[in-house]
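The values are calculated or read from the model by the stated rules, or taken from the named source; none is laboratory data. Just so it is clear, the structure is predicted and the values come from calculations on it, not from any experiment. A quick note on method: Cβ atoms are made from the backbone with ideal geometry, for glycine too, and the neighbour counts reach across all protein chains shown.
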């Protein structure tokens, strides 16, 4: 059933929905399908942290209702966590993956000191991660869009 402005979200095809950057991702299965494509792109185009002994893992969780955090990077175990229910659309979802991927490239042992000194919004590592979101999200989207909209 169509709803007002439903054309802004997705189009039903035989196999998958047709996504745009403003589409809401409707299921965890689709979160994983789109997320895995974004992970591959980040690995191939942004690279890996050579200081780590193993590649990062990315986990997709639903956050608790009061939490608004979209993602986090746990440097001690090289894990990126994306709270997919807090990402309002495809664009925010892929920007969150890029943002956290950028953190896995950074020397995160310095993060807390910078955060204490500058605060979250002015932390040079956060600024770099936000700049990476803007730099890469269109390229990532153009690369994965044909794959997820088959």
Considering the range 69-85, residues that are out of contact with any helix residue (DSSP H, G or I) (no Cβ under 6 Å at 6 or more places or on another chain) and within 18 Å of residue 129 (Cα to Cα), and then whichever is surrounded by the fewest Cβ atoms within 10 Å (Cβ to Cβ), we arrive at 69
Buried (at least 17 other Cβ atoms within 10 Å of the Cβ), over 25 Å from residue 65 (Cα atoms) and touching a helix residue (DSSP H, G or I) at 6+ places or on another chain (Cβ under 7 Å): does that describe residue 102? yes
Select from the range 122-150 the residues that are touching a strand residue (DSSP E or B) at 6+ places or on another chain (Cβ under 7 Å) and assigned to a helix (DSSP H, G or I) and list them in ascending order. 148
Residues (modelled with pLDDT under 50 and within 18 Å of residue 93 (Cα to Cα)) located in the range 1-50: 8, 9, 10
Residues being in contact with a strand residue (DSSP E or B) (Cβ under 7 Å, 6 or more places away or on another chain), outside any strand (DSSP E or B) and over 21 Å from residue 46 (Cα atoms) - total across the range 68-121: 2
Considering each residue of the range 35-67, count those that are out of contact with any strand residue (DSSP E or B) (no Cβ under 7 Å at 6 or more places or on another chain) and either under 20 Å from residue 19 (Cα atoms) or surrounded by 15 or more Cβ atoms within 10 Å (Cβ to Cβ) (or both), and give that number. 9
